[in-house]
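Here's the structure we're looking at; comments come further down.
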Amino acid sequence: MAVPVPIAWTAEPALVDMRIGVLSLQSKDWNDHFRVSHYIMERLARRWPVVWIDPPHDWRHVADRVRLHRPRFRQPIDDRPLYAYTAPVGLPVIHRPASVRRRMERARLGQALDQLRSCGCDRTVLYCWHPRYLESTDLVEHDLLLYHVVDEYSFSPDDPPTSPQEVAMIRRADQVIVHSPGLVEKKAPLAPERTAFVPNGVDFDAFTAPGPEPAELAGIPHPRIGYCGVLKRQLDWELLRQLIARHRDWNWVFVGHWQENHAELAPVREWMETQPNVYLTGRVPAPRLGEFPARFDVGIMPYVSDGYTRYIYPLKLHEYLAAGIPLVGTPIRTLQAYEDVVLLARSADEWSVALEVALSPASLGPETVQRRKTIAKAHDWNTLAERIAGLIEQRLT
């Protein structure tokens, strides 16, 4: 299939002689449920051409890729030069020998780079979202290496030291971005002069726009205690079980899918599915997520407190705030900075009290609601992407 015709774009006046393009390397393809990388890249593409590189297929899955019939380049958003690149069948991941693996990766990256050059780009930003792409930084020409840290990639509750691979990535990068206070404390000392804090954000208009009630919520009585997000092991399921059993007159709504590789949650899922005051919507497409929080009476963030959640920055924080609803959460590191708009609780007793307060009429006073929305507005993805674009331009000039 032919490569899509590049969309016209205009550089900032001060940078008219610097035609920037972005290669984005991340662990999920464009069709996966939206993550921080999606929100940032679709907005950077309003300014510059972006090639989102889908993770390549393993050589053992070539037959699956043939059946997929996906074009090499596709444009998931019509009005901007954002190209999702899928490696052709002949360029799979081959793990051994290492020389062949690198040759294949170099060829894939080269095809993505050629697409940027066809758009007229003469400066390339290699935008890496995981330390696993350290080797890739040697395999494609680029003018700026940006490493964006959106998680503690050990995923361990024990908080181990930063891996040697990630240390090397941070030290090699021309610009490092971290997105939570905990990550600033842990990662920034490795390259303080090249590290910037850019928090998670929200598509503000999507979560504040009025609209009809989603069909998934039809018939669910109030009060609704709502959670939007993946159902995973990092949630405090014992706490939730206690609260659900204790407050049978409250209706607990979970908008999201169960994490596929968290098999230990099977008993929890079975129990939840039997509870008359629990409602599980299953997976909801990312463009529809903004329909739900405004229909909750309270938004919750019931995380366990451990060495992993110390570093997270929940996407749902600003999504709930944009909807103007009361919030209750576990006092993880990030939420402590928002205790003026988030009620923090540890035990089931504290959560019960906090939820009672959140459900009171005082929690919906006009000034209180507006304060939540003001904070969310300051974290709109458009604003955050502009800050990242500014960091890129500063590094390239």
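Structure notes:
- The set of residues from region 221-244 being polar (S, T, N, Q) and either within 13 Å of Ile300 (Cβ to Cβ) or in contact with a Pro (Cβ under 9 Å, 6 or more places away or on another chain) (or both) comprises just one member, Gln234.
- Of the strands (runs of 3 or more DSSP E) that lie entirely inside region 233-306, those containing 3 or more residues that are assigned by TED's automatic domain parsing to the domain that holds Val342 and within 23 Å of Lys373 (Cβ to Cβ) span 298-301.
- Looking across region 338-386, the residues that are closer than 24 Å to Ala173 by Cβ and either among the aromatic types (Phe, Trp, Tyr) or surrounded by fewer than 16 Cβ atoms within 10 Å (Cβ to Cβ) (or both) come down to Trp381, Thr383, Glu386.
- Test: Gly219 is farther than 21 Å from Asp349 by Cβ, among the small types (Gly, Ala, Ser) and touching a helix residue (DSSP H, G or I) at 6+ places or on another chain (Cβ under 9 Å): no
- Ala188 more than 30 Å from Ala263 (Cα to Cα), outside any loop (DSSP other than H, G, I, E, B), more than 19 Å from the chain's Cα centre (by Cα) and of a type in the set (A, V, I, L, M, F, W, C): yes
- If you go through region 137-148 and keep only what is among the hydroxyl-bearing types (Ser, Thr, Tyr) and either part of a strand (DSSP E or B) or surrounded by 21 or more Cβ atoms within 10 Å (Cβ to Cβ) (or both), you end up with just Tyr147.
- Candidates Glu386, Glu339 - the one that is modelled with pLDDT of 95 or more and part of a loop (DSSP other than H, G, I, E, B): Glu339
- Lone qualifier among Arg35, Arg43 - being at pLDDT below 90 and within 26 Å of Asp380 (Cα to Cα): Arg35
- Any pair with Cβ under 9 angstrom, 6 or more apart, that starts in region 104-121 at a residue that is outside the structural domain of Val140 (by TED's automatic domain parsing) and assigned to a helix (DSSP H, G or I) and ends at one that is modelled with pLDDT of 95 or more and surrounded by fewer than 21 Cβ atoms within 10 Å (Cβ to Cβ): none
- On the stretch given as region 362-394, residues that are under 16 Å from Ala323 (Cα atoms) and not aliphatic (A, V, I, L, M) total 14.
- Residue within region 158-168 that is assigned by TED's automatic domain parsing to the domain that holds Ala112, buried (at least 21 other Cβ atoms within 10 Å of the Cβ), within 17 Å of the chain's Cα centre (by Cα) and not aromatic (Phe, Trp, Tyr) present: no
- No other residue among Ala348, Ala358, Ala362, Ala378 is more than 22 Å from Glu185 (Cα to Cα) and in contact with a strand residue (DSSP E or B) (Cβ under 7 Å, 6 or more places away or on another chain) apart from Ala358.
- Look at (1) touching a helix residue (DSSP H, G or I) at 6+ places or on another chain (Cβ under 8 Å); (2) modelled with pLDDT of 95 or more; (3) within 21 Å of Ala385 (Cα to Cα); (4) in a loop (DSSP other than H, G, I, E, B) and you find that Asp151 fails only one, number (2).
The values are calculated or read from the model by the stated rules, or taken from the named source; none is laboratory data. On a predicted model such as this, the values are computed, not experimentally measured, just so you know. A quick note on method: Cβ atoms are made from the backbone with ideal geometry, for glycine too, and the neighbour counts reach across all protein chains shown.
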